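Here's the structure, in structure tokens; my notes come after.
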Amino acid sequence: MLKYSIQAVTLPIALLLYASLSTSNAADLEKEIRMKEQIIDYIMDGDAVLLKDGSHEFLSIYMTTDRQPARGTVIIMHGRGYHPNWPELVYPVRTGLPEHGWNTLSIQMPVLDNESSFYDYLDILHEAHPRINAAIDFLKNKNTGKIILLAHSCSVHMAVDWLHKHKQDDISGFIGVGMGSTDRGQPMPEPFPLQKIKVPVLDIRGEDDYPAVIRNAPRRMQNMKIAGNPKSQQRVVEKSDHYFTDRGNALMLEVADWLNSL
């Protein structure tokens, strides 16, 4: 929850606007359960795994590579309102990376109703933290090697919030897909603190991504340079929109190429 002080007048206008509009939201668990029931019996590639975040179980899909030993595991976080087997972007990435030596663990992220806005989702960023922790603990128990976080769209905000507020000792890299997407008239309250993320970062977007994602790329690159990790990069996938419609495999190949350079 935001705290006010006499210095509040110095905060960015967008942050003050968000503070004035914000209400207390909670993730829609009933919607999440409905999605789980709709997809769990149709998972053909990988194994459905129910993880616990401390208060309830959430769906994840774990897929292993034939390469021994595996290069590591990528935790995949879908965009706003979707699920861990979303066919447009998540599926090609989670099933394609194992062919390049990486296990994948695609996890269900907190969701709200379909009418919810970007600012509504800012209220529940913290609800993603125990899910990311549970995924990391699951992989550490399996001793799968390097752990990489990959987040798309709204989940980038959740993942960066986790990275900013937790030690980064357990992960070896972060991939933000379509970083900085928001709703019209709802700018980010403040830039991503990429200068404080010391692990390698891949900032990857579509050539035809949302204007805010493209416009803020130079600032993101500047902050990545301040962080000082020489393996951090920005990449653009040609002929791709924000959701990588019909271009999920092209995204996966760029991600695999970067991962195998770590």
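What follows is calculated from the coordinates using simple rules that are stated; it is not laboratory data. On a predicted model such as this, the values are computed, not experimentally measured, just so you know. Note: ideal-geometry Cβ built from the backbone for every residue, glycine included; neighbour counts use all protein chains shown.
Side notes on the structure shown:
- Proximal charge balance of Gly178 [Cβ under 10 Å; K/R count +1, D/E count -1]: -2
- Local electrostatic count at Phe192 - Lys and Arg +1, Asp and Glu -1, tallied over other residues with Cβ under 11 Å: 0
- Annotation: peptides 160-166, 76-82, ranked by per-residue average of other Cβ atoms within 10 Å with the highest first, follow the order 76-82, 160-166.
- Pairwise centroid distance, computed over Cα atoms, of the range 116-175 with the range 216-246, Å: 18 Å
- Length-normalised contact order for the chain - Cα pairs under 8 Å, 6+ apart - percent: 18 percent
- FRET efficiency for the pair Ser117 and Arg219, taken as 1/(1 + (r/R0)^6) with r the Cβ-Cβ distance and R0 = 22 Å, rounds to 0.45.
- Cα gyration tensor category, rounded, prolate or oblate, for the range 32-259 with a/c compared to 1.5: rounded
- Residues of the range 159-191 with amide N under 20 Å of a point placed 7 Å along Cα→Cβ from Asn229: 159-181, 191
- Placing pseudo-labels 7 Å out from each Cα toward the beta carbon at Ile40 and Glu207 gives an inter-label distance of 4.2 nm.
- Additional length obtainable on full extension of the chain from Asn141 to Asp183, 0.36 nm per residue less Cα span: 11.3 nm
- Highest-MSF residue in the chain out of Ser153, Ser55, Ser117 [GNM, Cα springs under 10 Å]: Ser55
- Leu253-Gln168 pseudo-label distance in nm [points 7 Å out on the Cα-to-Cβ vector]: 3.0 nm
- Partner lysines for Lys31 [C-alpha distance under 24 Å; skip if fewer than 8 residues away on the same chain]: Lys52
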